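These notes concern the structure reproduced below.
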Amino acid sequence: MSDTVVPAGGPGAATTGLPASATEADGSAVVRVLSYNIRSMRDDQAALARVIRACAPDLVLVQEAPRFFRWRKAAERLARASGLVYVTGGATTAGPLVLAHLRAHVERTEDVLLPRTPGLHQRGLATAVVRFASARLGVVSCHLSLDPGERYGQAGLLLERVAALGVPHAVVGGDLNDRPDGRSFRRIAATLDDGWAVAPWGGEFTSTPHLPRQRIDAVFGTGGVEFLGCGVPQGLPGVRAEDLRAASDHLPVLSALRVPAAG
């Protein structure tokens, strides 16, 4: 993928209160990251693509991607409709998936399956290392367990995987199935910066779209990653309330962050 410096989503991607994608004079990069549980694309797929496009993301960290019959074609169809490309994940990670704008150069990927508890769903992580000009960024999409004990263990494994990426800067997006006061959420936030807590922007609650009352989806960053804004893109130009309600049973979390240049 090329390093051409363009706003993700093309001209007009800049939106009120949230910086557009850019490569800065010192080599750092402003990157827009969207985390989204898409419920296996079982809802309004056209509305889903419109929401993603309007957010103008460089990276989309998907949860509950299609993972059964012809799942790769479904992932590629979503990528095309959203103006993005497939990077990694899907059935190979039991749901988490990563899409990217052509601005991102993908250095490597790894799909990870987490230890499975009998009787519970398989969980996994979609991971990658990408570069925006001279800024390198580790990427992890996750969807943690509904079971509190398993979820807490997965939070620890997630942190281990972030450290194992071997890059100084990383971003994690996912459906945690836990609120900020829950012990799994707190375990992650004790090591990584919670984007909403650091730089709140837009809406807070992600579940459910028809009556948002809890924040169980989040974007986190390692130290050195500067959050410029993070939250549900309610009121963002081009993001319609009816599309948010129709696209999935979760609301997405959009963040803009500054990644320092490598070295």
Ignoring ligands, DNA and RNA, please state the percent of accessible area on the chain from carbon and sulfur, probe 1.4 Å.
52 percent
Can you give the longest run of the chain that contains no trypsin sites (Lys or Arg not before Pro) sitting in a DSSP loop with at most 11 other Cβ atoms inside 10 Å?
71-212
If R₀ is 22 angstrom, what is the calculated FRET efficiency for the pair Leu102 and Arg77, using the beta carbon separation as r and rounding to 0.05?
0.80
Excluding ligands, DNA and RNA, what is the solvent-accessible area per residue of the chain at a probe of 1.4 Å, expressed in Å²?
40 Å²
Once you have a ≥ b ≥ c as the square roots of the Cα gyration tensor eigenvalues for region 112-263, tell me rounded if a/c is under 1.5, and otherwise prolate or oblate according to whether a/b is larger than b/c.
oblate
Between Glu226, Glu107, Glu204, which gets the highest mean-square fluctuation from a Gaussian network model of the chain, Cα cutoff 10 Å?
Glu107
For the chain, what does the helix formula give at 222 nm: sum of -39500 (n - 2.57) over DSSP H segments with n ≥ 4, over the residue count, nearest 500 deg cm²/dmol?
-6500 deg cm²/dmol
Residue by residue, what Karplus-based ³J(HN,Hα) values in Hz, rounded to whole numbers, does region 172-189 have, using 6.51, -1.76 and 1.60 with θ = phi - 60° and x for Gly and Pro?
10, x, x, 8, 8, 6, 8, 8, x, 8, x, 6, 6, 4, 5, 5, 5, 5
List, in order, the whole-Hz ³J(HN,Hα) value for each residue of region 239-254 obtained from phi through the Karplus relation with A = 6.51, B = -1.76, C = 1.60 and θ = phi - 60°; use x for Gly and Pro.
9, 8, 4, 5, 5, 4, 6, 8, 7, 6, 8, 10, 9, x, 10, 10
Please report the net charge: other residues with Cβ closer than 14 Å to the Cβ of His143, K and R +1, D and E -1.
-2
Read through the labelled values (i) 14; (ii) 21; (iii) 31 and report the label of the one computed as percent of Cα pairs over 31 Å apart from the structure.
(i)
Figure the gain on full extension for Ala163 and Glu24 (residue separation times 0.36 nm, minus the Cα-Cα span) and round it to one decimal in nm.
47.4 nm
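The values are calculated or read from the model by the stated rules, or taken from the named source; none is laboratory data. Predicted model only: the values in this text are computed from it and were never measured. With ideal geometry, Cβ positions are generated from the backbone for all residues, glycine too; neighbour counts draw on all protein chains shown. Surface areas here come from the heavy atoms of the whole protein model, side chains and all, with no ligands, DNA or RNA. Shrake-Rupley method; radii C 1.70, N 1.55, O 1.52, S 1.80 Å.
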